[in-house]
1. Counting only protein heavy atoms and rolling a 1.4 Å probe, how much accessible area do A and B lose on contact, total for both sides, in Å² to 100?
2. Work out the charge dipole of the stretch A:256-339 with +1 on the Cβ of Lys and Arg and -1 on the Cβ of Asp and Glu about the Cα centre, then indicate which of A:G285, A:L305, A:L270 is farthest towards its positive end.
3. Solvent-accessible area per residue for chain B at a 1.4 Å probe radius, Å²?
4. With 10 Å bins from zero, work out the P(r) of the stretch A:401-443 over every alpha carbon pair and list the percent per bin.
5. Once the dipole of the stretch A:1-115 is set up with Lys and Arg at +1 and Asp and Glu at -1 on Cβ about the Cα centre, which of A:L76, A:P94, A:G60 lies farthest towards its positive end?
6. With viscosity set to 1.002 mPa s at 20 °C, what whole-number translational diffusion coefficient in µm²/s follows for the stretch B:149-224 from Stokes-Einstein and a Kirkwood radius over Cα pairs?
7. Over the Cα atoms of the stretch B:355-451, how large are the radius of gyration and the largest Cα-Cα distance (Dmax), in Å?
8. What's the magnitude of the charge dipole for the protein assembly as shown around its Cα centre, counting Lys and Arg as +1 and Asp and Glu as -1 at the beta-carbon? Answer in Debye, nearest 20.
Amino acid sequence: MTYPEFSKQAMAYAAEQGCAACELFYANGESFEVNANDGEIDRYSVSREAGVSVRVSLGGHEGYAYTEAIGDPERLVDHAMDNALCIDSEDEHPMQTKQAYRAITREDSALKDRSESDRIALAKQLEDLCLKQDPRVKRVVYCSVEYGAGSVVMENSLGLCAEKSSNSSVIYVMPSVQAGEEVQTGFAFRMGGDAADAEGCAKEAVEDALSKLGGSPVDSGCYRVLLKPYAMCDLLSAFASMFSADEAQKGCSLLAGKEGQLIANERVTLWDDPFNPVAPRAFDGEGTPCETKVVIQNGELKTLLHNLKTAKKAGLQSTGNASRRSAASTVGIAPSVFRLECGGATYDALLAELKDGLVISELEGLHAGVDAVSGDFSLKASGFLVENGAVVRPVSNITVAGNFVALLKHVFALGCDLRYSLPHSGCYASPSVLVNELTVAGC
Amino acid sequence: MLAEAQRSGADYAELFVEDTQSSRIEMIDGKVESANYARLCGAGVRVLLGTKSAYAYSADTSERALLETARAAAAALGEAKHAPNEAIFLAQTRHTTPVLLPFDQIGNADRVRVMREGARVMKAASSEVTQALVRYLDQVQRVTIVSTDGVFVSDERPRTRIFLQAVAMKNGEAQTGYDGPGCCRGFEAYRDVIDVERSAQVAADMAVTMLHAPECPAGYLPVVIDGGFGGVIFHEACGHSLEATAVGRNNSVFCGKLNTKIAADCVSAVDDGTFPGEWGSINVDDEGGAPKRNLLIENGILKGYLIDKLGSRRMDMPSTGSSRRQGYTYAPTSRMTNTFICAGTDDEEEMIASMGEGLYAKKMGGGSVNPPTGEFNFTVAEGYWVRNGKIVSPVRGATLIGKGSEVLQKIDRVGKTMWMAPGMCGSLSGTVPTNVGQPRLRVSGITIGGKGGAIE
């Protein structure tokens, strides 16, 4: 059965069964991944995927069902109806109607027109460049080249019709360096239009690993901290759900009801930036047209992120932040490109301003060490000790602990070195950020 | 299909076909918020030539698509060389998990009834519990694995888990407590094995206790880690470093350490996928091999690794029935099943009474580890500060950091009763259900992270 046939039958059957509305979300894609190890292809994977999700509105409730077996539309609709019937929540979740979208020009990512053998050669080159960079590079733990392309079609019985396609390229590498008994790893990636830059990627990863050699903990206590861009991106990503109106309405966000209030230092401005060239999009996971908006302006919370359900409940308009992590998942809320606005200071100027404290370049354990409800985090970290504005030595095996909301209030300078982190249910961008105090546990 | 996959000279080819159906329901404060059904279908073809491997998969399982997938896998190894070797003899084996109440014979009403019970208990536990979240999952994964080794097995893998989370709030502060029992059985699990009310009480008590807990102080001190989910520390800091994915590529601190001492004498550890109905158990591994009880550490001496087929080629050691994958979108690799530190001989109360000042980690949270260095970090979801051998206060926000190889040497007490708890483990071959476990044990010193001052 072709997808258009499936879709037509599903829509007709849902209407016949008394569903007030029916929506289909179809995604298909292909992906390619190759890892190099010791000059050989190590892990190699190619794929083709396709799946369709149906969402029905029945008796004022919505139910979902997803399948990768495109063959029995009636059974899928039955599952969705069955699910709609067990919902108790009174929240209305409207579907989007026909919309006009802004035209998006998205540049092809770097590996789109590369042949398979080119991509394999790139992986081997990336590993080789790391090994040649420095005699202390003993091995490359991971070395990966990935390319993916996909398209999404959304349509519903209210007239919505939205289609998009995109492709992505990313390379990343983790070399391991050794000096005496000590082993350290480094990491770097390149994505989008820069994904063929094996040289830059290898150089950055090896420098990252070497810079950690000789690291040791610092004494426990409170420190002034300079968070480097990727570390701050990781925190933004880990606490993005605080900005979700859904979490707020469920009582699971400290930002609930704080619109219009100062929640951060006046130097902090945070954008939700859907047309950013790094991942531009015309519409969100419900087909609502996207818009660029300021989420925190000079410390003041201007808006939470909404989809159609939370907007209806709050008596507002959707902000175009409906998310669908995959066709199989239900509609949620996520930022598009969450970008902390740069300040004017160079990295060196920030170091001088830090004077005495710590540079935190890397945070680990983000899937476990953060509590998005309380805002608390306690994470393994590494970086550098700074005395009198100069880096003195690497620091490892420490934890930094704090609260995300408190941290936003304690920001006292931002750099001009904006970086985009690897996309992870949304894209995140931040410059280096100077923070008044974080608690550090060393030994 | 296997012949097609071997056209470029692969010495091994394997087909994995999957059809998985799952139901997920989420409930907040006793009201069902969302319900989702998903059916994942697809197939993957893997080929090996020596230690080279390639994997191709497709959501389309038609004959034409499977042949194309097989060709794509073959092409990754190089040009077509020769027709494959001799005929393959396949003898089919079927596995099933004994189930009394299959998930396709119950309705959402049955699922919701169990969930409501959990929500009710959490809400009733304390007026400070402001939100009760219940997530329910059941799933049946049906797989068929065929390989040029003559493997032809099919397996049916039912699994269910209920996750209960209570949020307690006071003066703008929020703390969460949770419990998430799960097992490989049918819906009868909620009658026979899983006590939803008890788990709900555990979740609520934890949230309320933590709400009134001061921040944990930082320092390097003794830590007593409780049984059950406390085993996550061994899982993350040692288990992953014993997998062939790390050992076979020389990315593990335990490379070349077989039959040498890597842990204190009181430490023995096992990975055992054969327990009937346990969350991490498997009837057959994802290369069609039989699961085993694999002795990893015996009285501090390293005795074994967890090895899949590719790892077995890299390490020149036999496979241990440890090959697992999330589903057809992942090539299989060496993974854990039910992994635990074995029961010891020490008294559970004495180890706290004699510890002086330190932390009693009653419930561990999640964590992660960097396998090449063995450095790990874990959160302590429910912790208590101990002074002069007595528990003086609950503490929140604690983290434990260190090196797996060092912590293993510093275990100085191992309790008499081992128990396990379920988790989801993410690695190269996706996310698979695993049990972690241990008795209550003590580490003589470990770095505790936290932002609190001294506990009065």
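1. 5500 Å²
2. After comparing all options, I get A:G285.
3. Working: 16090 Å² over 456 residues.
Here the per-residue accessible area is 35 Å².
4. P(r) for the stretch A:401-443, in whole percents per bin: 24, 39, 34, 3.
5. It is A:P94.
6. It diffuses with D of about 137 µm²/s by this estimate.
7. 14.2, 46
8. Roughly 520 debye, rounded to the nearest 20.
The values are calculated or read from the model by the stated rules, or taken from the named source; none is laboratory data. It should be emphasised that the depicted structure is a prediction, and the values quoted were computed from it without experimental measurement. Neighbour counts are summed over all protein chains in view; Cβ atoms, including those assigned to glycine, are modelled from backbone coordinates with ideal geometry. Ligands, DNA and RNA are excluded from the accessible area calculation, which covers all protein heavy atoms including side chains. Shrake-Rupley method; radii C 1.70, N 1.55, O 1.52, S 1.80 Å.
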